[in-house]
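Trainee: I have a structure here, written as structure tokens, and I will follow up with some questions on it.
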Amino acid sequence: PFLAMEWLEGESLGEILTRRNEAGEPPLDIATLVKMLRPVAHALSRAHRFQGPNGAESIIHRDLKPENILVATIGGVSSVKILDFGIAKAKRVATQAAGRLVESTTALGLAPEEDDPSFTPGYGAPEQWAPKRFGDTGTWTDVWGLALTLTEVMIGGPAIDGETIEAMRAVALDEKRRPTPRTLGANVSPAVEAIFE
């Protein structure tokens, strides 16, 4: 048995952000990011409505972040790819309810009430931290991750930052502290801010 995978050369969105920060370049604006990440949104949409052998399934990434988005050069053409579906969860559509390193929150002593508690704390959605309160993970979990990714690249740093896992958890769970672009200093229109809210 073997697994054949596509060879990709490029840099992650996280590496692009770091490089731009080190060079003193300004963060990317919303128009550039929307154009750049449109393929990511389309890929997520396709994964969320995947037609499997038993009907429609949702494949939910559950750990979307700048490090898992690669800007690759393929045959001289720039292409954006989503990486690491390693903790992805597949769900039948009909049954759906409507730090930086991937860590097991169980190992950190937080034990969310979920079968697979692996996610990156700085990008964990409310339902990943507190499923009894917010419900199960779903396509909305990837929407949260994509929104945080866009916000992070627009502000030039982490959208949810804290010295402890509990600090990150507190921000994710507090509906009054949602990390939107404007609340973190990005210059976006009221309409764009409303979408992030």
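Trainee: Looking only at region 185-197, which residues are more than 18 Å from the chain's Cα centre (by Cα) and assigned to a loop (DSSP other than H, G, I, E, B)?
Mentor: Answer for region 185-197, where residues must be more than 18 Å from the chain's Cα centre (by Cα) and assigned to a loop (DSSP other than H, G, I, E, B): Gly185, Ala186, Asn187, Val188, Ser189.
Trainee: Determine whether region 107-121 contains at least one residue that is open to solvent by 20 Å² or more (accessible area, probe 1.4 Å), under 21 Å from Leu13 (Cβ atoms), outside any loop (DSSP other than H, G, I, E, B) and modelled with pLDDT under 90.
Mentor: yes
Trainee: Could you list all residues from region 28-70 that are in contact with an Asp or Glu (Cβ under 9 Å, 6 or more places away or on another chain) and within 21 Å of Ile155 (Cα to Cα)? Spell out how you get there, then give the answer.
Mentor: Keep residues of region 28-70 that are in contact with an Asp or Glu (Cβ under 9 Å, 6 or more places away or on another chain), which gives 44, 47-51, 60-68, 70.
Scanning region 28-70 gives Asp63, Leu64, Lys65, Pro66, Glu67, Asn68, Leu70.
Trainee: Follow-up question, since we're still on this one. Being open to solvent by 50 Å² or more (accessible area, probe 1.4 Å) and of a type in the set (Val, Ile, Thr) is the filter here; which residues of region 142-197 pass it?
Mentor: Answer for region 142-197, where residues must be open to solvent by 50 Å² or more (accessible area, probe 1.4 Å) and of a type in the set (Val, Ile, Thr): Val143, Thr164, Thr183, Ile195.
Trainee: Taking Met5 and the conditions (1) touching a helix residue (DSSP H, G or I) at 6+ places or on another chain (Cβ under 9 Å); (2) not in a helix (DSSP H, G or I), which numbered condition does it fall short on, given that it satisfies the others?
Mentor: (1)
Trainee: Would you mind stating whether Glu127 is buried (at least 16 other Cβ atoms within 10 Å of the Cβ), touching a Phe, Trp or Tyr at 6+ places or on another chain (Cβ under 6 Å) and at pLDDT 90 or above? So that I can check it myself, show each step before the final result.
Mentor: Working: buried (at least 16 other Cβ atoms within 10 Å of the Cβ): yes; touching a Phe, Trp or Tyr at 6+ places or on another chain (Cβ under 6 Å): yes; at pLDDT 90 or above: yes.
Taking the combined requirement at face value, the residue satisfies it.
Trainee: Among the strands (runs of 3 or more DSSP E) lying completely within region 9-92, list those that include at least 2 residues that are surrounded by 15 or more Cβ atoms within 10 Å (Cβ to Cβ). Can you show your working first?
Mentor: Values: elements: 10-12, 50-52, 55-60, 69-74, 77-82, 89-92.
In region 9-92, the matching strands (runs of 3 or more DSSP E) lie at 10-12, 55-60, 69-74, 77-82, 89-92.
The values are calculated or read from the model by the stated rules, or taken from the named source; none is laboratory data. Quantities reported herein were computed from a predicted structural model and do not represent experimental measurements. All Cβ positions, even for glycine, are placed from backbone atoms using ideal geometry, and neighbour counts span all protein chains on display. Protein only, heavy atoms only, side chains kept; ligands, DNA and RNA dropped before computing areas. Shrake-Rupley method; radii C 1.70, N 1.55, O 1.52, S 1.80 Å.
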